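Following: one structure in structure tokens, then a few remarks.
The values are calculated or read from the model by the stated rules, or taken from the named source; none is laboratory data. Source: prediction; values computed, not measured. Backbone-built Cβ (ideal geometry, glycine too); neighbour counts: all protein chains shown. Note: areas computed on protein heavy atoms with side chains; ligands, DNA, RNA excluded. Shrake-Rupley method; radii C 1.70, N 1.55, O 1.52, S 1.80 Å.
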Amino acid sequence: MPDNRMAPGADGPLAALIDAAVAVLAERLECSPGEARERLQGLADRSGVPVAEAASAILDSARPSSPAPFEEVRRMASAAAADAAAMAARALAAPGQEPLADLAGTLQRRLAHDVGADAVAVYAVEPDSSLQLVGAAGVPPAVVDAWSRVPAHPPTEAGYVARTGEPLFLPDRTATPPHYLLVGGPGAEWPSRAVVPVGETGAVAVVVAFFVKQQTFPAAVRDTVSTVVGEVTGEIARRLRAHPHQAGWITDAQSMLDALPGAVGVSVPIRDAAGEIVDWVLVAASPEATDVTGLRGRELVGSSTATRYPSIVGTELWHSLAQVLDSGRPREIGPFTYTPQTAGVETAVFTVRISRFGGGVLLTWTRLDEERRLAARIAQTERLGRLGYGEWDLGTGSVYWSEGLYSIFRHDPESGPPSLEEAAGELHPQDAPRIAPQLARVFEHGQSADLNYRILVRGEVRYLRARFETIRDRTGRVLKVYGIVQDVTANEAAARDRARLVDVEAELAERLRSQQTEHRLVVALQQIILPIPTGVLHLPGLDVAVRYLPAEVVSRVGGDWYDVVELPDGRSLLAVGDVAGHGIAAAATMARLRHSVAALAVTSTEPGELLAYLNRIVHDDASEPTATVVVAHFDPQTRELTWAQAGHPPPILVSGDGSAAALTRPPGMIVGARPDSRYETVTTTLAEGDTVLLYTDGLIERRDGYDSDWLGPLLRGVTGTGHLPVDELIGRLQPANPGDDTCVVALRLRPA
């Protein structure tokens, strides 16, 4: 039988696969990489599959469009499967209390008093025989997270009771029959448990009572457990009917909607004690769904119609929802005008199509006042593609430049577009003799053109690709010229770096006979891609020091990188990243990301937006490995450091008084894992003498395994060093894993 244990620090495709899965779990569960690695190992052990297969299934769950060969492992491992139901439950519950959580608490207290039970879980039975956790008391959060949804296969003791309708009392988990798993897994601390069905003619729910102290379950105890559960059977069934948003079919609906274009959502009714519908709640939404307030996709999940859109209550649309739910006949409403009751929200015109779906209705809506939204989409497309659009009316002499075109040429929109002569004057001197005649043929003779050329903008060379089309009258006179321009500077820089990398790799293969030659070439390669400054960099309001610590094996070129950019408005952009793996592929991705950060900083300095762009760049190229990144920008006027991260270790704040602490990470998936990843930002205001460390994981992850105290050695190492010069401070840092590259950037607030 093959060994199913992971080998931390191993190289090769298998290690890269496992490391990527660990990063996904760490992001989802908000835990350290070491804890995520233990969760992955436990998942593989419980499911009886190799670790590599479990890792593949987890990565597959992070890409909704790819097939899922290990569906049951994925559903057990992925906490995201219950996101929609959990969000809706929280939205409808009283503060700190989900709809069935109070009953779970009541059961736990009663059973603790009567028979000594320590924890209780209540599962709703779904039509596909899977179980959805709807209430828990005394159950650790990690168990709730891992077992919030229990599939029908592999079978569990709770699923067995739901299927047979007979209570099950297990005195000793070590003697449990092998034909089903135990909820909570083999590592749970409950040696005994009682599982009782809810419902007289078929189980609608299952109650699991857990016992820390081993219980023999004499007849009196069995009767007491069944009696206590029986007293709340009717209430559990009633609440499940009143709160259909807890049903597991909604998670499947969300999975379906994730693949649909347009604005689509699923809404379920909320009924009062008499069974009358008093509200509707959106429990699933497509990625392109948006409302009048600007919420998008899953941000809409949990929205109450009566609370968030009160103008709809009592209208034709409101009554149509119940009519479609009752009759099953689809309806289309509109066009109708929605008049918001919230200041700052504009009036909008919609059409809505309603169809019955599961326990609720499927809504498809189209906003008819699209002109403003279309303009916003065009502007976003220009930013993402580094595009600009221009239109020249040769009859009237009017010229239109889009916002993106002004950005490419670094022109102020307030001053208006330049003349053709002024624009031609910005051509690179080496390209002007070739490009100027072609532009003349476009504007004078109406010829189409596809041009690649360079311009000089404030002394900086920019690479452009432009496509021009014309409209002429019957005589052939040119009436209008349309042009689309793309800034391909970042692509050119990356292509040059790739070409240089190929040359260096060939030279390495030729001269590997000498270790001295190998060392010299690798060092040269690192300097080509990642030049390291020799002293302290002085940026507005900041002193910055950079330290790069190569791996012990110098031939293993790593993907650790940094970038420091002084922005035209006086702020500074700082980034540190780590590309998965080693070798030329990792170095090429590192070079591409580093150049992309500098290029994208022209269009946006918002860290979360920059990470979204980098994520698309890496994801859209299947040959690119994934990477972790932290991006920050510093405003010397406000002393605010605004940052976002993509699966990266948290920055360390070393205060002037010598204390050290890790900053709390905002959510953010590793770049390249999913095309639609979103990245939140946080802002930290620095005090005089504060130092912030941005670093890669070689500084904290040890070669001999993972430690739950993964940040402890670093925090203790920098405590009391706030008085040292910033370059001396990072000079004391040593990597935890000498077999991996390490990059550290330290920034210190300079005294006013």
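Observations
- Selection status of D635, within 18 Å of L747 (Cβ to Cβ), touching a strand residue (DSSP E or B) at 6+ places or on another chain (Cβ under 8 Å) and open to solvent by 20 Å² or more (accessible area, probe 1.4 Å): yes
- A612 surrounded by 24 or more Cβ atoms within 10 Å (Cβ to Cβ) and of a type outside the set (S, T, Y): no
- Number of the exception - T216 against (1) part of a loop (DSSP other than H, G, I, E, B); (2) surrounded by fewer than 16 Cβ atoms within 10 Å (Cβ to Cβ); (3) modelled with pLDDT under 85: (3)
- Of all the criteria given as (1) within 25 Å of T315 (Cβ to Cβ); (2) open to solvent by 50 Å² or more (accessible area, probe 1.4 Å); (3) out of contact with any helix residue (DSSP H, G or I) (no Cβ under 9 Å at 6 or more places or on another chain), the one not satisfied by G358 is (3).
- Across the stretch 582-620, the number of residues qualifying as modelled with pLDDT under 80 and under 18 Å from R674 (Cα atoms) comes to 0.
- P651 over 18 Å from the mean Cα position of the chain (by Cα), open to solvent by less than 30 Å² (accessible area, probe 1.4 Å) and of a type outside the set (A, V, I, L, M, F, W, C): yes
- Identity of the residue in the stretch 566-581, more than 19 Å from the chain's Cα centre (by Cα) and crowded, with 20+ Cβ neighbours inside 10 Å, that ends up modelled with the lowest pLDDT: G581
- Tally, over the stretch 156-171, of residues that are buried (at least 16 other Cβ atoms within 10 Å of the Cβ) and of a type in the set (S, T, N, Q): 1
- Residue count for the stretch 582-592, restricted to those that are in contact (Cβ under 8 Å) with a residue 60 or more places away in the chain and either open to solvent by less than 40 Å² (accessible area, probe 1.4 Å) or in contact with a helix residue (DSSP H, G or I) (Cβ under 9 Å, 6 or more places away or on another chain) (or both): 6
- Condition met for E288 (touching a residue at least 24 places away in the same chain (Cβ under 8 Å), open to solvent by 50 Å² or more (accessible area, probe 1.4 Å) and either farther than 30 Å from Q486 by Cβ or of a type in the set (D, E) (or both)): yes
One line per residue, one yes/no per condition, for (1) open to solvent by 60 Å² or more (accessible area, probe 1.4 Å); (2) of a type outside the set (K, R); (3) in contact with a strand residue (DSSP E or B) (Cβ under 9 Å, 6 or more places away or on another chain); (4) free of Cβ contacts under 8 Å to residues at least 12 places away in the same chain:
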residue	(1), (2), (3), (4)
S303	no, yes, yes, no
V324	no, yes, yes, no
R353	yes, no, yes, no
R367	no, no, yes, no
T381	yes, yes, yes, yes
L387	no, yes, yes, no
W392	no, yes, yes, no
E403	yes, yes, yes, no
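- Residue match in the stretch 698-707 (condition: farther than 23 Å from L542 by Cα, among the charged types (D, E, K, R) and buried (at least 20 other Cβ atoms within 10 Å of the Cβ)): yes
- Residues that are touching a Gly at 6+ places or on another chain (Cβ under 6 Å) and not hydroxyl-bearing (S, T, Y) are absent from the stretch 597-615 altogether.
- Checked against (1) buried (at least 16 other Cβ atoms within 10 Å of the Cβ); (2) part of a helix (DSSP H, G or I); (3) in contact with a Phe, Trp or Tyr (Cβ under 8 Å, 6 or more places away or on another chain), S407 passes all but a single condition, namely (3).
- Pick from the stretch 615-631, criterion surrounded by 20 or more Cβ atoms within 10 Å (Cβ to Cβ) and either free of Cβ contacts under 8 Å to residues at least 12 places away in the same chain or of a type in the set (S, T, Y) (or both), ranking: nearest to V576 (Cα to Cα): T628
- Meets criteria (free of Cβ contacts under 8 Å to residues at least 24 places away in the same chain, surrounded by fewer than 19 Cβ atoms within 10 Å (Cβ to Cβ) and closer than 16 Å to F357 by Cα) for D272: no
- Pick from the stretch 423-434, criterion assigned to a helix (DSSP H, G or I) and under 18 Å from W392 (Cα atoms), ranking: least open to solvent (accessible area, probe 1.4 Å): A423
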